[in-house]
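Down below is the structure, laid out as C-alpha cells.
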Amino acid sequence: MNMTNSHLTQISRHSDDYVSINLGERSYNIWIHTFEESSWSDKVQLPLGTSALIVTNTVVGGLYLEKLVNRLKQFYPTVYSVTLPNGEEFKDSQTLNLIYDALLSNGCDRKSVLFALGGGVVGDMTGFAAATYMRGVQFVQVPTTLLAQVDSSVGGKTAINHPLGKNMIGAFHQPQLVVCDLSTLATLPLRELRSGLSEVLKYGPIADMEFMEWLEISVDQLLSLDPVALAHCVRRSCEIKASVVSQDERESGLRAILNFGHTFGHAIEAGMGYGVWLHGEGVAAGMVMAAELSRRLGMVDAAFVQRLTQLIERVGLPTKGPVLDAADNASRYLELMRVDKKSEAGEIRFVLIDGPGKAVLRTAPDALVREVIDICCA
Ligand code: NAD
Ligand code: GLY
C-alpha cells in the first residue's frame, strides 16, 4: 500500500500554546504548558464533569499528584485518585481493574472525567478504562514523559498488553484535551528521555526530513533539556502526529506510518519480557532494521541507513536488536512479528522508507527479513 505524505505540510497550528487535532466533534487541543502557570485555567478548557479521577503511578504520583489535585479542585466538586504500580509489566488486565475498582467504589458516573497523569503506560491504560467504563467517559491526558508528550497521549489509541502480544487489547478513544507540561521532564531519568527521543526521531524519515536535520543539530540541547529545543521538539512532533491522525483516525492507511520501527520493536519488547527493553529502545533498533530492510528492497540507499543509525547512536539508543533465541533468532522474531496488528492473514506488513521523508506499508519476503535480523542483532 502506498501512502502519500505530501499533505503533512497542511498543519493546524494556531498559536504558540497549542496544536489542534481535527476530528469533527472529537476534535481537541494539545496544550504545551505548565501546571504552575496562573493562566492555566483561563486558557485550557477542562471538560465539565461531576467528579474527576486522576490515574497515576507510584513514581509520578509522588512527584506531581498533589499539584494536579490542587488544580482540579477548582474545577470539579470531587477529585479522586488511584495510584497504579509502575512499569510496562503492569500494563495488564489486573492493573486495569484497579482503575475500574476506583471508579466504582467512588461512585463515579458517566459524567466523571478521568485524568491520566504519567507516561504512555498510565495514558494507554487510563484511556482504555475511559473507553470502556459505562461504555465510555471523558478523559484528559497529562503526559509526563517525552514519549507520551510527542506521541502516546495524542491520537486516541488506548490499550493493555497481552502476554502473547503488545497492545493487543484496546480501543480507539480520543481524549478531550492533552496538557503537556514540559517542566515535568526535569525529573525524568535520562534513559527514559532517550527512549522518548526515539519516537521523535521517527517523524523525520516518515514525514519531514527538515525536522530530521533540525534533530541532528539539536540532539545535544534536547538531551540537556534546553527548554526552547524541547518546546520545538514536542510541538513539531505533535503537529505531524495531529496531521496524520486527523486524516486517518482509525488507521485504515496513512496512520500506519507512525509505526515505523514498531514491528521489530514490539517483537523485541514482547520477546525480552515487557519492561526489559523500553518501548523507545525497541523502536530505535527496530527503525534501523526497517531502514535496512528498505535498503535491501531498493527503496533507500546505504547513506540514508547510516545517517539514521548515527543519529540514533548519538541519542544513546540501541542500533542493534537483542538475540531473542540463540538457536533460531530470525524464526523467533518472525513468530512474534506475525502477532502484530498490521499483519493480515499471518503476513507481516512493515512500515518502510520509500525515499527519505516518505513511508509505505508493505510486505517483504521472509528470506530478506531473516537476513536483516541476522545482521542487525547482536
Ligand atoms: P512509562 O509510562 O512506563 O514511563 C516511563 C518511566 O518514567 C516510568 O517509570 C514512569 O513512572 C516514569 N516517569 C514518568 N514521568 C516521569 C517524570 N516526569 N519524572 C520521573 N519519572 C517519570 O513509559 P513511556 O515511555 O512514557 O510510554 C511507553 C508506553 O507508551 C508503552 O506501553 C507504549 O506501548 C505506549 N505507546 C503508546 C502509543 C499510543 O499511541 N497510544 C504510542 C507510543 C507508545
Ligand atoms: N503511535 C502510533 C499511533 O499512534 O498510531
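Figures for the structure shown
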quantity	calculated
Test: residue in the stretch 146-169 that is within 14 Å of Phe115 (Cβ to Cβ) and open to solvent by 30 Å² or more (accessible area, probe 1.4 Å)	no
Close pairs from the stretch 114-132: first under 14 Å from Gly155 (Cα atoms) and acidic (Asp, Glu), partner assigned to a helix (DSSP H, G or I) and within 11 Å of ligand 1 (Cβ to nearest atom), Cβ under 7 Å, at least 6 apart	Asp124/Ser152
Selection within the stretch 172-226 - of a type in the set (S, T, N, Q) and within 16 Å of ligand 2 (Cβ to nearest atom)	Gln174, Ser195, Ser198
Filtered residues of the stretch 352-378 (kept if in contact with a Lys or Arg (Cβ under 8 Å, 6 or more places away or on another chain) and β-branched (Val, Ile, Thr))	Thr363, Val372
Among residues of the stretch 313-333, those that are open to solvent by less than 70 Å² (accessible area, probe 1.4 Å), within 23 Å of the chain's Cα centre (by Cα) and either within 17 Å of Ile375 (Cα to Cα) or of a type in the set (Gly, Ala, Ser) (or both), counted	6
Inter-residue pairs, beta-carbon under 7 Å, first more than 15 Å from Arg314 (Cβ to Cβ) and in the stretch 193-204, second more than 10 Å from ligand 1 (Cβ to nearest atom), 6+ apart	Lys202/Phe260; Lys202/Gly261; Lys202/Met287; Tyr203/Phe211; Tyr203/Ser237; Tyr203/Ile240
Any hit, the stretch 89-107, residues being within 16 Å of ligand 2 (Cβ to nearest atom) and open to solvent by less than 30 Å² (accessible area, probe 1.4 Å)	yes
Odd one out for Thr132, checked against (1) surrounded by fewer than 21 Cβ atoms within 10 Å (Cβ to Cβ); (2) within 14 Å of ligand 2 (Cβ to nearest atom); (3) not aliphatic (A, V, I, L, M)	(2)
Residues satisfying the stated conditions in the stretch 134-152, i.e. out of contact with any Ser or Thr (no Cβ under 9 Å at 6 or more places or on another chain) and within 6 Å of ligand 1 (Cβ to nearest atom)	Ala148
From the options Val360, Val351, Val372, residue that is assigned to a helix (DSSP H, G or I) and surrounded by 18 or more Cβ atoms within 10 Å (Cβ to Cβ)	Val372
The lone exception for Lys166 - which of (1) within 7 Å of ligand 1 (Cβ to nearest atom); (2) touching a helix residue (DSSP H, G or I) at 6+ places or on another chain (Cβ under 7 Å); (3) assigned to a helix (DSSP H, G or I) it fails	(3)
Ser27 being within 21 Å of Ser152 (Cβ to Cβ), within 22 Å of the chain's Cα centre (by Cα), open to solvent by 60 Å² or more (accessible area, probe 1.4 Å) and modelled with pLDDT of 95 or more	no
Per-region count, the stretch 243-264, residues within 11 Å of ligand 2 (Cβ to nearest atom) and either surrounded by fewer than 19 Cβ atoms within 10 Å (Cβ to Cβ) or within 16 Å of the chain's Cα centre (by Cα) (or both)	14
Filtered residues of the stretch 205-235 (kept if touching a residue at least 24 places away in the same chain (Cβ under 8 Å) and over 23 Å from Val305 (Cα atoms))	Leu225, Pro227, Leu230, Ala231, Val234, Arg235
Qualifying positions in the stretch 197-242 - open to solvent by less than 10 Å² (accessible area, probe 1.4 Å), within 16 Å of ligand 1 (Cβ to nearest atom) and among the small types (Gly, Ala, Ser)	Ser198, Ser237, Ala242
Out of Asp92, Asp109, Asp124, sole residue that is of a type in the set (D, E, K, R) and closer than 30 Å to Val219 by Cα	Asp124
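The values are calculated or read from the model by the stated rules, or taken from the named source; none is laboratory data. Small disclaimer: the values here were computed from a predicted structure and weren't measured. Neighbour counts run over all protein chains shown; Cβ positions are idealised from the backbone, glycine included. Just the protein is used for accessible areas: all its heavy atoms, side chains included, with ligands, DNA and RNA removed. Shrake-Rupley method; radii C 1.70, N 1.55, O 1.52, S 1.80 Å.
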